[in-house]
Amino acid sequence: MFFSRIIGQEKAKRLLENVMHRKRVPHAYLFTGISGIGKTSTAKAFTMTLNCSAPSGLDGCGVCTSCRKILNGNFPDFVTIEPDGRKIKIEQIRELNRSLGYAPLSGGFRVCVIHGAEAMTGEAANSFLKTLEEPPPGNIFVLNATEPRDLLPTIVSRCQRVSFRPLKTEEIIRRLNKETDLDGSSVAVLAGAAHGSLGRALEMGDSNYLERRRIWLKKLLELNARSSADAMNMAVESAKEARVGLDQPGNKKVGLFDLLSVWATWYRDLLLVRTGAPTGLLVNGDFREQLEKTASGVPLQNLIESFHLVDRAVVDLHRMRNSTLVLENTVLNLRKLGRTNH
Ligand SMILES: [Zn+2]
């Protein structure tokens, strides 16, 4: 809940620091960026400093009444809304508007965070727009969005935009070493596969991701030696994974999208190995030996095509209901590209 503990995001912190020095703090913000990189923590830190009776620099003091309440998670003026199912519904915005009718209980600022703001239905967005146009005093709105293009332009134009960037791999490694008891090799794998999201890395660490990853990589490694009938069976088996992925908001179950993302990292690594990249750049550095063996035996063009094939499988899987069909097509083509003698 302290700005100083949020990793990276210097630009966002600087912007909010400037904002807090103004006489009138703007009442609406749009936090953009992928999930798991500190948007919600920043909103909490912002709430704490805004309401603190003796802030020191950018941080709240941590000991005054409101700071302690925020740290304990029972501050009454920190309100959050998140999608109910896939959407934020009009009823949720109406309820928010009703609660805004009362002045903030703490006497300071009430901060309302809307997670996945782009998920507002048309009705909800229009109702929320009216609130933004005539905000009751003492309220601050923070809209969190990964796809701000899906928001009403009239909402976006009323918000101060704050961009959050994906974290560096080293930043994630440092935090994982501090917060988990995973070994160094697991930490490196998670940090590399998390695409800059600390939240995702932590979720992967908490799930059976690492265990599944080894199984999925083994399947790929064995693919070239299999008969096409065997490869077909492998595809059918793989397609039985749940159609989910850890990158989906709210989902904590490892599934088919994670399998494809692991396979994508494999071909990305093969391409890197071909260019002589150091192990530190590889996501699957623990498989360096197998990567080198595979990379030297396959034409570069085939590696590139394999990478695109896996990429396309993700797109197809989003569009098509039939996982088996997508996997069969992908696996059989990967086998073909991997077996070509040059
Ligand atoms: Zn304080």
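Annotations
- When L325 is tested against (1) under 24 Å from A229 (Cα atoms); (2) surrounded by 20 or more Cβ atoms within 10 Å (Cβ to Cβ), exactly one condition is not met: (2).
- Residues in segment 281-322 that are within 23 Å of L190 (Cβ to Cβ), open to solvent by 20 Å² or more (accessible area, probe 1.4 Å) and at pLDDT 90 or above: G285, D286, R288, E289, Q290, E292, T294, F307, D311, V314.
- Taken over segment 89-102, the residue count meeting the criterion of being assigned to a helix (DSSP H, G or I), touching a residue at least 12 places away in the same chain (Cβ under 8 Å) and among the charged types (D, E, K, R) is 1.
- Any hit, segment 13-26, residues being away from the ligand (no atom under 13 Å from the Cβ), among the acidic types (D, E) and at pLDDT 95 or above: no
- If you filter segment 48-88 down to residues that are within 11 Å of the ligand (Cβ to nearest atom) and among the polar types (S, T, N, Q), you find that the one that is modelled with the lowest pLDDT is S56.
- Helices (runs of 4 or more DSSP H) lying entirely in segment 255-335 (those with 1 or more residues that are within 18 Å of M232 (Cα to Cα) and assigned by TED's automatic domain parsing to the domain that holds A239): 256-274, 300-319
- Exactly one residue out of I70, I88 is touching a strand residue (DSSP E or B) at 6+ places or on another chain (Cβ under 8 Å) and under 25 Å from P153 (Cβ atoms): that is I88.
- Among the residues of segment 89-107, the ones that are within 25 Å of R22 (Cα to Cα) and either within 14 Å of the ligand (Cβ to nearest atom) or buried (at least 17 other Cβ atoms within 10 Å of the Cβ) (or both) come to 4 in all.
- Within segment 105-119, one or more residues are more than 25 Å from M48 (Cβ to Cβ) and in a helix (DSSP H, G or I).
- Given (1) touching a Gly at 6+ places or on another chain (Cβ under 7 Å); (2) within 12 Å of the ligand (Cβ to nearest atom), index of the condition S35 fails: (2)
The values are calculated or read from the model by the stated rules, or taken from the named source; none is laboratory data. Note that the structure is a prediction, hence the values are computed from the model and not measured. Counting neighbours? That spans all protein chains shown, and the Cβs are built from the backbone with ideal geometry, glycine included. These area figures cover heavy atoms from the full protein model, side chains too; ligands, DNA and RNA do not enter into them. Shrake-Rupley method; radii C 1.70, N 1.55, O 1.52, S 1.80 Å.
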